[in-house]
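Chemist: Let me give you the structure first, and then I'll get to my questions.
The values are calculated or read from the model by the stated rules, or taken from the named source; none is laboratory data. The structure presented is a predicted model; accordingly, all values stated were derived computationally and were not measured. Glycine gets a Cβ as well: all are built from the backbone with ideal geometry, and neighbour counts include every protein chain shown. Accessible surface is based on the protein model in full, side chains and every heavy atom, while ligands, DNA and RNA are left aside. Shrake-Rupley method; radii C 1.70, N 1.55, O 1.52, S 1.80 Å.
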Amino acid sequence: MIFSGSPGTGKTEVARLCGEILRIEGVLPEGRLMVISGSDVTPGFERIFARAKGSVLFIDEAYSITSSVGFVS
């Protein structure tokens, strides 16, 4: 899912609620929300994904990833 909007519009809260809903429905073992910033997604991103397994990974300011991993907008 992609949540976009101005700062303070509740994107992180919506991600947290999605995690809780997915836990209640049995899709995720726990409704944990792991929040990282786009700058945290570096060549070691496999470690981040492994830590977030079974939970919701919210990448704040994900647009900053595109230049660091070579995506073209």
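Chemist: Any residue in the stretch 14-27 that is small (Gly, Ala, Ser), touching a Lys or Arg at 6+ places or on another chain (Cβ under 9 Å) and surrounded by 12 or more Cβ atoms within 10 Å (Cβ to Cβ)? Write out each step before concluding.
Modeler: Keep residues of the stretch 14-27 that are small (Gly, Ala, Ser), which gives 15, 19, 26.
Still in the list and also touching a Lys or Arg at 6+ places or on another chain (Cβ under 9 Å): 19.
Retained after the next criterion (residues that are surrounded by 12 or more Cβ atoms within 10 Å (Cβ to Cβ)): 19.
Scanning the stretch 14-27 turns up at least one residue that is small (Gly, Ala, Ser), touching a Lys or Arg at 6+ places or on another chain (Cβ under 9 Å) and surrounded by 12 or more Cβ atoms within 10 Å (Cβ to Cβ).
Chemist: Which condition number does Pro7 fail, the rest of (1) closer than 20 Å to Tyr63 by Cβ; (2) open to solvent by less than 90 Å² (accessible area, probe 1.4 Å) being met?
Modeler: (2)
Chemist: Restricting to helices (runs of 4 or more DSSP H) lying wholly in the chain: which have 2 or more residues that are modelled with pLDDT under 90?
Modeler: Details: elements: 11-24, 45-52, 65-69.
Counting at least 2 such residues, we get 45-52, 65-69.
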